[in-house]
Each structure stands twice: as structure tokens, then as C-alpha cells.
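Everything below concerns the one structure shown next.
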Amino acid sequence: EEDEEEDDYESEEEVRMTIEQEEELVEALIMLVGKLIATHGSAIDPVLMEKILPPFLTMIDAPVHPTQARLGIAMLDDVLEIGGAKCAHYVKLLLPRMLQSCTNTDSDLRQAALFGVGLAATMGGAEFGPFAHEAVQVLRHVTGQPDARSEEKESATDNAIASLGRIVALHSDSLHPSQVDQVWVEWLGYLPLKADEAEAVVVHRELCRHVVANQAGVMGADHANLPRIIAIFAQVLETEGVDTEVTGMIREIVNSAHTNVPHLLGTACKTLSPALLLRLQNCASSTPAPALTQAKQPAV
């Protein structure tokens with residue numbers, strides 16, 4: 001019996017080492033292909049389609065181990081991220097596999113796929129349109145799970161929310177108006193992102209840009225969502241969820257709100273804890289504006 005247990009252990013260890021070696025090799029290949037795409041663009045299409053992508057698609061379609069599928073999806077992500085709009089014609093080949101992997105039980109594979117859907121929405125242009133409705137349904141299924149913000153799943157859910165925001169921002173003409181409205185509500189309601197810090201900075205920057213552009217779905221009728229948005233800003237300031245650029249954008253938005261819609265800024269400030277209010281004050285200016293003091297909030 002002891003010999004059997006030892007054999008099982010050795011067998012498992014051999015499998016683990018084989019997977020790790022394969023992972024290192026494939027990751028090196030992904031980096032190489034990324035450089036080729038960046039350097040040669042569509043000129044490598046024949047090689048990519050005939051020689052490079054097929055093994056990765058097989059890794060996704062019939063993986064021996066979940067790691068293989070994750071590496072396959074990672075390759076697809078890189079093709080879109082590095083190739084950009086030049087690789088839009090790959091969307092119809094790559095996106096169905098990403099969507100299928102979005103609900104996989106392996107957390108790393110699921111996160112890579114959810115991130116990839118956002119890339120496809122951003123880089124895919126008109127090629128993404130036919131998939132927009134299905135993509136939104138899959139992503140909303142992911143974000144709607146009761147444990148979506150559990151420790152194990154939150155990072156992947158952050159990517160799902162990020163991808164939803166990009167789809168509704170770039171492909172609203174491919175969605176029903178009621179679906180567009182609902183996605184904006186869910187997107188804003190989930191923020192701020194907390195688990196995936198790198199994606200959080202990007203999404204919070206996108207939020208700032210939507211506010212500056214006065215995006216109707218984000219701002220709401222008569223800027224009704226501004227208090228909620230200001231509360232999000234207060235939560236992310238002085239955290240890893242912002243960088244210098246995003247902090248500067250928040251400062252401009254807060255100061256503009258103080259000038260143009262002080263009653264809405266006052267409403268937001270009433271909901272903030274003293275610590276969060278202080279963050280907002282520090283961001284807005286070295287001397288707190290009247291609308292940013294709890295004692296002098298204007299009436300709504």
C-alpha cells in the first residue's frame with residue numbers, strides 16, 4: 001500500500017513538472033508571437049493561421065489539463081491586445097472560445113477568458129457586433145452569481161465587469177436599448193473594482209472619461225448618478241485603484257462639480273465617512289472647498 005501511495009505521488013509530481021515545463025515553453029512562444037504581430041502586423045497572417053494558432057485552439061477545445069486551456073486563451077488575448085484593430089478579423093474565430101471559457105470552473109482560465117472578451121470588444125470593431133448580445137448575456141451570468149465577489153472569484157468578476165463596460169460603450173448599437181440601460185446600471189453599481197488592481201486603474205479611468213463626456217447611461221437623467229460616482233471616487237483615491245492620471249481626472253471632475261452642481265456634490269458628501277471625505281478634500285485642493293465640508297453642505 002505504501003508503495004502504491006509513493007507511486008501515485010511520483011506520478012502526480014511528474015505530471016506537475018511536465019505541466020510547468022510546458023507552461024514555460026508556451027509562455028515564451030506567446031511572447032515571441034506577440035513581438036511578431038507587433039513588428040509585422042497582418043504580414044504574418046498566413047503563418048499565424050496555418051501554423052501557430054491551430055495548436056493553441058486545440059489546447060482550448062480539447063485540453064489535457066486546465067492549464068493548457070488557459071495558455072490557449074492567453075495566446076488569443078495576446079493576438080488581440082498586441083495586434084489591435086489589425087487583428088479584428090480574428091474575432092469570429094477566437095471569441096466563441098473565449099465565451100465558452102468564461103464560465104469554466106478553473107479560476108485562471110475563467111479570468112483570462114473574461115479579460116479577452118473585453119479585448120475583443122475593444123479591438124474587434126464591426127466584427128464584434130454579431131456577438132455583442134451573447135457576450136453580454138454570458139458576462140451578466142458571471143457577475144450575477146451570489147458568490148461573484150468571493151475571494152476566489154472577485155478578480156475574474158472584475159474582468160467581467162470591465163468587459164461589460166467596454167461592450168456597452170462601444171457596441172450599444174448592437175444591443176437592445178433596455179439592455180444597454182441595464183448594463184450601465186450594473187456596471188456602475190459594481191464599482192469600484194478592488195481585486196484586480198491593474199484592471200481597476202483602467203476601469204476607473206474609463207469612468208472618469210465617461211463622466212467628462214457626459215455619457216448619458218453613466219450620468220443618469222439630470223446627473224442623478226453623480227453622487228454615486230463621487231462616492232466611487234472617494235473610495236479609490238489613495239489606493240492602488242488609481243494612478244496619477246486618474247487622480248488628476250478625479251480632481252478636475254470634483255472641482256467642476258463644486259462649481260456647476262454643488263447640490264449634487266453636497267448630496268454625495270453626506271454619504272461619505274470622515275475618512276473618505278478627507279480623501280476627497282485632499283484630492284480636490286489643499287484648501288477644502290465649502291461643498292466638501294460636512295458642516296457647510298448646500299441643501300439639495
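The values are calculated or read from the model by the stated rules, or taken from the named source; none is laboratory data. Predicted model only: the values in this text are computed from it and were never measured. Note that we place each Cβ from the backbone using ideal geometry, even for glycine, and neighbour counts take in every protein chain shown. Accessible surface areas use protein heavy atoms only, side chains included; no ligands, DNA or RNA. Shrake-Rupley method; radii C 1.70, N 1.55, O 1.52, S 1.80 Å.
Across segment 126-145, a minimum of one residue is classified as assigned to a helix (DSSP H, G or I), modelled with pLDDT under 95 and of a type in the set (A, V, I, L, M). As a summary of the residue check, ILE44 satisfies the conditions (1) in contact (Cβ under 8 Å) with a residue 24 or more places away in the chain; (2) more than 19 Å from THR143 (Cα to Cα); (3) aliphatic (A, V, I, L, M); (4) surrounded by 14 or more Cβ atoms within 10 Å (Cβ to Cβ) except for the one numbered (1). Please verify whether LEU76 is at pLDDT 80 or above and out of contact with any strand residue (DSSP E or B) (no Cβ under 8 Å at 6 or more places or on another chain), treating the condition exactly as stated. So LEU76 passes the test. Here the helices (runs of 4 or more DSSP H) wholly within segment 204-286 that include at least 1 residues being open to solvent by 60 Å² or more (accessible area, probe 1.4 Å) and among the hydrophobic types (A, V, I, L, M, F, W, C) are 216-219, 274-284.
The requirement of being on the phi < 0 side of the Ramachandran plot and touching a Pro at 6+ places or on another chain (Cβ under 7 Å) is not satisfied by LEU119. For beta carbons closer than 8 Å, sequence separation of 6+ or different chains, a first residue in segment 250-267 that is closer than 26 Å to VAL202 by Cα and a second that is open to solvent by 30 Å² or more (accessible area, probe 1.4 Å) and β-branched (Val, Ile, Thr), the qualifying pairs are GLU252/VAL212; ILE253/VAL212; LEU264/VAL300.
The set of residues from segment 136-149 being touching a helix residue (DSSP H, G or I) at 6+ places or on another chain (Cβ under 8 Å) and more than 16 Å from ASN104 (Cβ to Cβ) comprises VAL136, ARG140, ARG149.
Tallying residues that are open to solvent by 50 Å² or more (accessible area, probe 1.4 Å) and assigned to a helix (DSSP H, G or I) within segment 187-201 yields 3.
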